[in-house]
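Here, each number is a calculation from the coordinates, and none is a lab measurement. Small disclaimer: the values here were computed from a predicted structure and weren't measured. Cβ placement follows ideal geometry from the backbone for every residue including glycine, while neighbour counts extend to all protein chains displayed.
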Amino acid sequence: MASSLIPPGSTIGILGGGQLGRMTALAAARLGYRSLIYSPESDSIAGQVSDHVQGSYDDHGALARFAAQVDVITYEFENVPEATVASCEQHKPVRPGRRPIHFAQHRLREKEFFRKSGLGTADYQPVGSEADLARATAFPGILKTCTEGYDGKGQARVESTAELEAAWERLGRRDCILESLVDFDCEVSAIVARGLDGRTRCFPIGRNEHRDGILRTTTVPSGLRPRTLAEAERLGVQLANSLELAGLVALEMFVTRDGRVLANEMAPRPHNSGHWTIDACATSQFEQLVRAICGLPLGPVDVLVPSRMENLIGEEANDWLRYVSDPTARLHLYGKATARPGRKMGHVTYVLKSDASPSRS
Ligand SMILES: Nc1ncnc2c1ncn2[C@@H]1O[C@H](COP(=O)(O)OP(=O)(O)O)[C@@H](O)[C@H]1O
Ligand SMILES: [Mg+2]
């Protein structure tokens with residue numbers, strides 16, 4: 001472990017300039033690391049709090065110059081092209097590496113990988129041709145594009161073959177996956193860190209509410225039965241080990257009405273449902289990522305105080321004065337210039353008294 005230790009004072013390269021990169025850079029700075037953001041935009045919101053270089057993901061010369069300036073590289077979104085990661089890997093270690101994004105950026109591969117790793121999923125079938133349409137039986141279901149979907153984009157709910165055909169046309173006849181609709185009791189996520197030595201640590205499981213495909217709230221403790229929580233954690237750890245990753249992986253899951261826990265999707269990076277850890281956990285998910293990729297011991301994950309994270313989406317962030325005036329609220333704004341509908345502008349973590357719901361006055 002000592003030889004792969006990347007000590008404070010070193011520089012972490014981050015592919016991507018969004019809020020996850022921004023919060024990683026802030027956590028890295030606290031531990032005495034520098035961060036260098038690489039992203040195609042001339043100014044990124046992560047670049048507001050760290051150094052930044054502009055470059056496209058297929059400019060291998062610019063990537064090599066970036067890699068020369070850093071000690072380790074990570075990514076803050078899973079749609080970085082695999083070739084970009086491969087290019088960086090020639091110069092510096094990239095953690096969590098190429099394998100996790102290979103699976104995470106393609107929903108069909110991802111589901112197959114879950115099954116191979118022993119994680120249960122909803123029934124699914126590929127939809128990429130007219131013949132697949134005729135074969136489809138997973139109704140009612142959700143048709144999802146295999147690549148590039150996020151926050152519920154690139155998805156359509158379908159009840160019949162006719163609706164499936166229409167939805168597939170609307171999605172541009174792209175490679176898709178049809179998943180049967182899960183009648184879930186609730187959604188949860190496990191965020192698991194895995195160190196260079198293969199040790200794992202799972203953050204306490206959060207209960208997530210989505211609206212229109214976008215995460216709205218995460219609550220910890222979740223109030224779920226210990227058996228369900230243990231199963232969710234077991235699946236998260238199993239996934240992290242199966243990916244052999246050094247870094248973080250978030251696993252989104254459904255808890256079905258009959259008590260089963262099914263894998264929905266994964267992200268090999270910090271996750272929106274882990275933002276509560278900044279204000280309410282002994283180690284934040286962002287610090288944990290820094291620890292994992294730099295070879296430091298993983299930090300403790302005790303819940304310091306019960307909390308509920310709420311996303312601020314679009315215009316909701318205009319209410320910032322209300323949030324900063326509320327003593328139970330911890331406000332985080334991402335520095336985005338324009339509030340578009342559906343755009344994540346920030347979040348608030350309410351720190352709760354054990355028996356109370358958040359004060360909204
Ligand atoms: N098979 C399914 N059954 C029931 N609900 C689903 C299913 N797939 C997705 N959803 C709902 O849509 C949300 C977003 O879907 P997800 O697959 O996580 O895509 P993304 O977050 O990448 O947009 C889920 O969190 C869940 O609320
Ligand atoms: Mg999701």
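For this structure, a couple of remarks:
- Checking every one of the GluC sites (Glu not before Pro) in the range 142-209 against DSSP loop status and a limit of 13 other Cβ atoms within 10 Å picks out 148, 159.
- With the simple model of a label 7 Å out from the Cα in the direction of the Cβ, residue 53 to residue 147 spans 2.6 nm.
- Pairwise FRET efficiency - residue 117 versus residue 60, Cβ, R0 = 56 Å, nearest 0.05: 0.95
- A helix-only calculation puts the chain at -7500 deg cm²/dmol for mean residue ellipticity at 222 nm, using -39500 (n - 2.57) for each DSSP H run of at least four residues, averaged over all residues.
- Approximating the spin labels as points 7 Å out from Cα along Cα→Cβ, the residue 303-to-residue 4 distance works out to 3.2 nm.
- Zone of residue 199's modelled label, taken as backbone nitrogen in the range 287-314 under 19 Å from a point 7 Å along Cα→Cβ: 287-303
- Pairwise FRET efficiency - residue 319 versus residue 161, Cβ, R0 = 35 Å, nearest 0.05: 0.20
- Checking the Cα-Cα distances for 116/353; 92/153; 92/144; 116/144; 92/336; 144/353 against a 32 Å cut-off, the pairs over it are 116/353; 92/153; 92/144; 144/353.
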